[in-house]
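Here the structure comes first, spelled out in structure tokens, and everything after it is commentary.
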Amino acid sequence: MQLNRYNNNLINDDDSFKLKNAIIIVVIIMLVLVSFYFITKYVLEHKKDNTPRVESVIDRELIMFGQLFNRPDTEYYVIAYNKSGKSKDIYNKYIEKYNSKDSHVKFYEINLDDEFNKKFISNKSNVVSNINELKVSGDTLFKIKDKTIEEYKEGTSDISSYLKEISA
């Protein structure tokens with residue numbers, strides 16, 4: 001009988017040892033997680049942001065081709081181009097320079113890469129003031145006045161030259 005009692009105690013001692021170890025491990029994990037929380041909270045609250053704040057106001061809005069003639073302004077520019085194309089940086093430079101002028105009309109952008117604008121892209125341009133017949137073959141800059149196309153430029157070089165001229 002003593003052997004059984006000894007064996008039972010040994011088994012019970014082993015179970016209690018495992019239980020104690022499991023509790024200790026859980027407590028240690030909880031302490032580590034809580035300390036990470038408070039360290040993160042402290043760092044975020046006391047973080048110094050040494051980067052200067054530059055507020056850049058870009059006076060442009062992304063629209064769809066279907067919205068070309070229904071802008072609230074009476075006169076505005078719309079530039080349609082592939083936002084993933086090479087000419088994006090050239091256009092942005094001139095448009096930002098133009099927008100920094102005291103008097104300027106608003107610029108809108110159309111992303112030719114957008115799936116909703118694909119039906120307005122063709123091999124041959126048809127630049128008319130009827131949105132149902134309008135087609136472009138690539139980068140195009142429109143000057144809209146009173147809901148009609150007053151002027152337009154096609155191709156990177158013509159658009160860049162025109163933007164350079166109006167931003168000077």
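The values are calculated or read from the model by the stated rules, or taken from the named source; none is laboratory data. Small disclaimer: the values here were computed from a predicted structure and weren't measured. Cβ coordinates were reconstructed from backbone atoms using ideal geometry, including for glycine residues, and neighbour counts include every protein chain displayed.
Scanning segment 71-85 for residues that are in contact (Cβ under 8 Å) with a residue 24 or more places away in the chain and either surrounded by fewer than 16 Cβ atoms within 10 Å (Cβ to Cβ) or not assigned by TED's automatic domain parsing to the domain that holds L134 (or both) yields D73, T74, E75, N82, K83, S84, G85. Checking F116, F65 one by one, the residue that is among the aromatic types (F, W, Y), in contact (Cβ under 8 Å) with a residue 24 or more places away in the chain and surrounded by 12 or more Cβ atoms within 10 Å (Cβ to Cβ) is F65 and no other. Once segment 85-117 is narrowed to residues that are in a strand (DSSP E or B) and under 16 Å from the mean Cα position of the chain (by Cα), the residue that is nearest to S161 (Cα to Cα) is E109.
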